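Some notes on the structure that comes next.
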Amino acid sequence: DWVMGDYISEAVAHIREQVGDEEVILGLSGGVDSSVAAALIHRAIGDQLTCVFVDHGLLRLNEGDMVMDMFVGKLHAKVIRADASDLFLGKLAGVSDPEAKRKIIGGEFVTVFKQEAAKLKGEGAKGAKWLAQGTIYPDVIESGGAKSKKAVTIKSHHNVGGLPAELGLKLLEPLRELFKDEVRELGVALGLPYNMVYRHPFPGPGLGVRILGEVKKEYADLLRRADAIFIEELHNFKDEATGKTWYQLTSQAFTVFLPVKSVGVMGDGRTYDYVVALRAVQTSDFMTADWAELPYALLKKVSGRIINEVRGINRVTYDVSSKPPATIEWE
Ligand code: XMP
């Protein structure tokens, strides 16, 4: 609509004015905020923007390719895809503590991003002068009011707060004044696909905190396939009363890999394979959350498909814990 159109024109003019002819780099994660920031900045300055997409190997099924198809294939943006999955998995070997895993993933993420940024600085005559981030208004409030809100860190959320200064870059944050729903509307108006813009939140450490204990490639590969089935069926099942899909009716839904084996039976044989848990919650603020009362028919379809299609998993459970006292993620 015209209101959003006006907003885009103003934001574009403002970015051009700030940046002039200088170069900008942006860390693209595939999440809503960095994607919308990238699309907006690209609209404003085109090839003066370079996106760095760090693929830590803990993304969802085909996620990396989807990000590249969208930003390179459709928007024609410059994106450097740093495939660092071996590096991340190597650093995570033997580590099972959730906070230790978060620190490693967050730390390596910054290291890889800095290496790519340094390469860029070496390349052009000018080099990047700006670091763009998809900071939105609630992030601004949260960091301002953090002292009073939480005395202890329950889970350290990975952020790149100190990065601009360290890299000697100026900070470009075009979404700083927007709420999440406004960011989503902006994304759609900029031509990003509805499914990308209305995707459930995904944690920075990705599948690293959805594989309980030690992270292994074998586990990540099984989990990606099981999770893709769960998400696909959440999109397929509609609630009669509201006409909405169960994906829309849940705030966050995902699959958790449990590194334990249980006995099953298949044909004439016995199986001894891994277990996954399905998690689906409804919440308005993610501080408290109820487990979603998914229809049995949906759970039945998902468990049948996972056990039949993902060899290596022979049991599916549903998590019926609310937050508090449980958290949304299992780690
Ligand atoms: P919990 O598990 O604490 O999750 O109830 C609340 C919300 O935060 C997300 N979450 C994270 N996001 N880095 C992130 O970027 C993290 O380390 C992290 N841990 C949890 C979680 O997915 C949920 O939306």
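The values are calculated or read from the model by the stated rules, or taken from the named source; none is laboratory data. Worth saying up front: this structure is predicted, and the values here are computed from it rather than measured. Cβ: placed from backbone, ideal geometry, glycine included. Neighbour counts: every protein chain shown.
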(Q) Given the criterion in contact with a strand residue (DSSP E or B) (Cβ under 6 Å, 6 or more places away or on another chain), buried (at least 17 other Cβ atoms within 10 Å of the Cβ) and touching a residue at least 12 places away in the same chain (Cβ under 8 Å), identify the matching residue among PHE71, PHE88. (A) PHE71
Q) Just checking, which of VAL140, VAL52, VAL72 is aliphatic (A, V, I, L, M), part of a helix (DSSP H, G or I) and modelled with pLDDT of 95 or more? A) VAL72
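Based on this model, can you work out whether THR288 counts as modelled with pLDDT of 95 or more, loosely packed, with under 15 Cβ neighbours inside 10 Å and within 16 Å of the ligand (Cβ to nearest atom)?
Details: modelled with pLDDT of 95 or more: yes; loosely packed, with under 15 Cβ neighbours inside 10 Å: yes; within 16 Å of the ligand (Cβ to nearest atom): yes.
So THR288 passes the test.
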(Q) Return the residues of segment 181-214 that are part of a helix (DSSP H, G or I), in contact with a Lys or Arg (Cβ under 9 Å, 6 or more places away or on another chain) and of a type in the set (A, V, I, L, M); say none if nothing qualifies. (A) VAL197, LEU207, VAL209
Q. Are any residues in segment 308-331 without any contact (Cβ under 8 Å) to a residue 24 or more places away in the chain and either surrounded by 15 or more Cβ atoms within 10 Å (Cβ to Cβ) or part of a strand (DSSP E or B) (or both), and if so, which ones?
A. ALA326
Q. Would you pick out the residues in segment 3-26 that are closer than 25 Å to ASN195 by Cβ and at pLDDT below 95?
A. VAL3, MET4, GLY5, TYR7
Q) Would you pick out the residues in segment 188-205 that are more than 16 Å from the ligand (Cβ to nearest atom) and either at negative phi or under 8 Å from the mean Cα position of the chain (by Cα) (or both)? A) VAL188, ALA189, LEU190, LEU192, PRO193, TYR194, ASN195, MET196, VAL197
Q. Quick one: would you say LYS103 is touching a residue at least 40 places away in the same chain (Cβ under 8 Å), in the same structural domain as GLY27 (by TED's automatic domain parsing) and within 13 Å of ALA39 (Cα to Cα)?
A. no
(Q) For segment 91-115, give me each residue that is among the polar types (S, T, N, Q) and either touching a strand residue (DSSP E or B) at 6+ places or on another chain (Cβ under 8 Å) or within 30 Å of ARG43 (Cβ to Cβ) (or both). (A) GLN115
Q) Can you find even one residue in segment 207-221 that is surrounded by fewer than 20 Cβ atoms within 10 Å (Cβ to Cβ), acidic (Asp, Glu) and in contact with a helix residue (DSSP H, G or I) (Cβ under 8 Å, 6 or more places away or on another chain)? A) yes
Q. What about ARG305, is it part of a loop (DSSP other than H, G, I, E, B), charged (D, E, K, R) and surrounded by 15 or more Cβ atoms within 10 Å (Cβ to Cβ)?
A. no
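Condition check ((1) within 14 Å of GLU173 (Cα to Cα); (2) among the hydrophobic types (A, V, I, L, M, F, W, C); (3) part of a helix (DSSP H, G or I)) across all residues:
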| site | (1), (2), (3) |
| --- | --- |
| TYR7 | no, no, yes |
| GLU10 | no, no, yes |
| LEU26 | yes, yes, no |
| SER34 | yes, no, yes |
